[in-house]
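Before any comments, here is the structure.
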């Protein structure tokens with residue numbers, strides 16, 4: 001099996017491949033066991049240099065990071081992984097004063113040539129030579145990037161990523177990750193439940209309400225408000241309006257771009273990555289590691305009892321605890337005043353509106 005043909009929920013750090021949570025299927029099994037639907041790949045540290053494609057230029061290792069000179073291109077070798085239908089990247093890149101970059105990818109099945117480069121996002125001024133492919137591809141395209149996530153009409157098996165630097169200033173790449181989501185049938189029947197902890201597990205995240213932001217944007221800044229709460233938990237105090245200004249995606253007129261949330265948090269002082277969780281065991285593991293996280297939900301009317309809204313087509317809130325009685329402690333920035341931001345939701349409701357719908361989480365790990 002190739003080096004990167006990894007099992008679900010895999011992690012590549014510093015060139016080391018680890019497989020987590022994949023149960024082997026015995027030779028007499030009638031059907032394969034349900035798999036964790038999300039494969040996590042991370043690239044960082046000294047091993048990253050060994051994964052570079054010959055097309056890389058202007059890049060050198062500096063300690064635990066990769067330095068990109070102005071105008072450099074860092075290209076990873078193509079990776080063959082389990083067939084996937086969605087791919088969600090994130091990154092931590094220090095771009096200094098006035099620096100800029102774009103992160104791009106191209107994809108294929110095992111038997112096809114890699115397609116054209118498409119853009120996932122970036123920061124600062126666009127570099128010369130970066131892909132001009134729209135992130136909103138046509139609906140009938142075989143695969144397209146919808147703002148921040150690749151969506152494929154049929155499974156893909158090969159991925160190649162690159163970082164293209166603008167000419168204004170050098171960059172320092174500390175971490176690049178992506179989550180590849182398997183076809184739905186691979187996870188059919190997955191048990192998302194886990195026993196409630198014997199004792200309450202709660203991290204004390206400062207509460208903030210998005211309604212305290214500027215009147216013109218207060219209804220749009222659930223993501224920056226959630227990030228500001230996580231930053232404060234890790235000791236980095238930034239006003240919600242300042243975080244919103246940093247995270248704003250002018251290309252799409254959005255405050256809720258997922259990869260910009262993680263990159264913006266990094267530039268504001270805290271490392272992190274995007275994950276896609278699938279079970280309550282995933283959530284508990286993050287909390288026990290001391291990492292509260294923001295989650296992306298979508299709820300129809302009546303699906304999230306006790307929420308300060310009847311329904312939402314897209315919203316971010318912070319998960320900061322699991323109670324022994326089975327409830328989940330959250331900070332929901334849509335609530336107002338701020339003393340109503342801290343609340344509890346049922347596991348069943350959050351499982352429906354978060355884990356079963358996309359499982360996306362901003363997981364911040366600690367100060368730089």
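Any read-out appearing in this document is the output of simple, stated calculations on the displayed coordinates, not a laboratory observation. Since the model is a prediction, treat every value here as computed from it, not as a measurement. Don't worry about glycine lacking a Cβ; one is built from the backbone with ideal geometry, like all the others, and counts go over all protein chains shown.
Under 8 Å for C-alpha pairs, at least 6 residues apart: give me the relative contact order for the chain, rounded to a whole percent.
Answer for the chain is 16 percent.
Cut-off is 10 Å between beta-carbons; in what order do 149, 205, 338 appear when sorted fewest neighbours first?
338, 149, 205
Just want the ordering: 167, 236, from fewest to most Cβ atoms lying within 10 Å of their own Cβ.
In order of increasing Cβ crowding within 10 Å: 167, 236.
At 1.306 mPa s and 10 °C, plugging the Kirkwood radius over alpha-carbon pairs of segment 195-297 into Stokes-Einstein gives what diffusion coefficient in µm²/s?
110
Measuring from label point to label point, each 7 Å out along Cα→Cβ, what is the residue 110 to residue 77 span in nm?
Output for this residue pair reads 1.8 nm.
Relative contact order, percent, of segment 201-367 when contacts are C-alpha pairs under 8 Å separated by at least 6 residues?
Normalised by residue count, the contact order of segment 201-367 is 30 percent.
Between residue 219 and residue 357, what is 0.36 nm times their sequence separation minus the Cα-Cα distance? Round to one decimal in nm.
Contour length minus Cα-Cα distance gives 47.4 nm.
Average projected area of the Cα convex hull of the chain, in nm²?
That works out to 18.8 nm², a quarter of the Cα hull's surface.
Order these by the 10 Å Cβ neighbour count, fewest first: 33, 275, 174.
33, 174, 275
Taking 0.36 nm per residue of separation and subtracting the Cα-Cα distance, what length does fully extending residue 128 through residue 284 add?
Net length gain for the segment: 51.8 nm.
Expected output is a single nm value to one decimal: the length gained when fully extending between residue 267 and residue 191, i.e. 0.36 nm times separation in residues minus the C-alpha distance. What is it?
23.7 nm
Rounded to the nearest 500, what is the 222 nm mean residue ellipticity of the chain from helices alone, with -39500 (n - 2.57) per DSSP H run of 4+ residues and division by all residues?
For the chain, the value works out to -3000 deg cm²/dmol.
So for segment 201-367, considering every pair of alpha-carbon atoms, how many percent are separated by more than 27 Å?
15
With each pseudo-label sitting 7 Å past Cα toward Cβ, what's the residue 251-residue 204 distance in nm, one decimal?
Reported label-point gap for residue 251 and residue 204 is 4.1 nm.
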